[in-house]
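All remarks here apply to the structure that follows.
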Amino acid sequence: MSKEKNKVTKVMDPFQKWAHSWGRFGTVIALIYMIALPFIICSVYDCMPEFSDVINPATIGILLIYIPVGFSEALSYIPVMGSASYLGFITGNIMNLKFPCAVNGMKVAKVEQNTPEGDAIATVSIAVSSIVAVVILAIAALLSSFIQPIFETEAMNTAKDYVIPALFGSMALGLFSNTGTKGKVVKGAVKGVIPVLIIVSIVALMARMAGAGSSLLGMVGILIVCMLPVGILSSYIMWKKGKIVVEDAVPQNAASEDANAAE
């Protein structure tokens, strides 16, 4: 009887329940289209490839790169985007576009991750970014002959190498500066990432000294999967040792009242 009283039943928010139901349905439909369309085209034009043309050492090498990347993206993005992940994975281009838009949308709206409000804002952000991307690509396709010389200039080629690092650098600073959830504030959270940065830097340096720096691009997914447990474990150890502190968030009105009282 006491066990039944102490048992807590967690009820999912109606929006999140709706988003997960339709997200699964949309994912299944999208997978059917993605898999069926090549078979239909190959059947119509009588150009079905043989099994050896599809599964061979070259394709296995590609799979060894992209399978870890897929797992690492699921482990990294879903805890942040929540139920909006369905739309993000269906439309694609998560790392460059959808994930930054979702994070920035939640930051601007001042909502927390993995809450009904956060999932709603992330879903709207991803949907709007998808529509805007399609519109911009359509305009770029129509004006490709006019804008192509601009993108072939030396300045644009140099700038393209810094777009992704700048994007993720600013996004990471925003995440670390606003670490906390459910009325809690985490101080010193960036310390938990220091061991990961040291290990990745050593691996990158050793690979470059061995003349295999370019091969690191194919190990990104494997590095992310391997470094996630390291980051979690190092953050837990530092939290136990008091290097990372979790405190109750002080409301802004209460903080301003304390400042006025001190004056």
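Key figures for this structure:
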read-out	value
Residue selected from segment 234-263 under the condition open to solvent by 80 Å² or more (accessible area, probe 1.4 Å) and modelled with pLDDT under 55, by the criterion nearest to residue 64 (Cα to Cα)	252
Residue 117 vs. criteria in a helix (DSSP H, G or I) and acidic (Asp, Glu)	yes
Some residue of segment 75-91 being open to solvent by 30 Å² or more (accessible area, probe 1.4 Å) and of a type in the set (Gly, Ala, Ser)	yes
Among the candidates 221, 213, residue that is open to solvent by less than 70 Å² (accessible area, probe 1.4 Å), touching a Ser or Thr at 6+ places or on another chain (Cβ under 9 Å) and modelled with pLDDT under 70	221
Qualifying residue in segment 60-75 (condition: within 11 Å of the chain's Cα centre (by Cα) and of a type in the set (A, V, I, L, M))	yes
Tally, over segment 100-156, of residues that are open to solvent by less than 60 Å² (accessible area, probe 1.4 Å) and either small (Gly, Ala, Ser) or under 22 Å from the mean Cα position of the chain (by Cα) (or both)	25
Residues (modelled with pLDDT of 80 or more and among the aliphatic types (A, V, I, L, M)) located in segment 76-95	78, 80, 81, 84, 87, 90, 94
Meets criteria (among the hydroxyl-bearing types (Ser, Thr, Tyr), open to solvent by 80 Å² or more (accessible area, probe 1.4 Å) and out of contact with any helix residue (DSSP H, G or I) (no Cβ under 8 Å at 6 or more places or on another chain)) for residue 45	yes
Any chance residue 30 is within 31 Å of the chain's Cα centre (by Cα), part of a helix (DSSP H, G or I) and modelled with pLDDT of 80 or more	yes
Test for residue 231: is it open to solvent by less than 60 Å² (accessible area, probe 1.4 Å), modelled with pLDDT of 75 or more and over 23 Å from residue 66 (Cα atoms)	no
Checklist (1) of a type in the set (Val, Ile, Thr); (2) open to solvent by 70 Å² or more (accessible area, probe 1.4 Å); (3) closer than 30 Å to residue 15 by Cβ; (4) touching a residue at least 24 places away in the same chain (Cβ under 8 Å) applied to residue 67, failing item	(3)
Cβ pairs under 8 Å, 6+ apart, first in segment 132-145 and under 19 Å from residue 96 (Cβ atoms), second at pLDDT below 85 and outside any helix (DSSP H, G or I)	133/93
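The values are calculated or read from the model by the stated rules, or taken from the named source; none is laboratory data. What you see is a predicted model, and the numbers here were worked out from it, not measured in a lab. Please note: Cβ atoms are built from the backbone with ideal geometry, for glycine as well, and neighbour counts cover all protein chains shown. Calculation scope for accessible area: heavy atoms of the full protein, side chains included, ligands and nucleic acids excluded. Shrake-Rupley method; radii C 1.70, N 1.55, O 1.52, S 1.80 Å.
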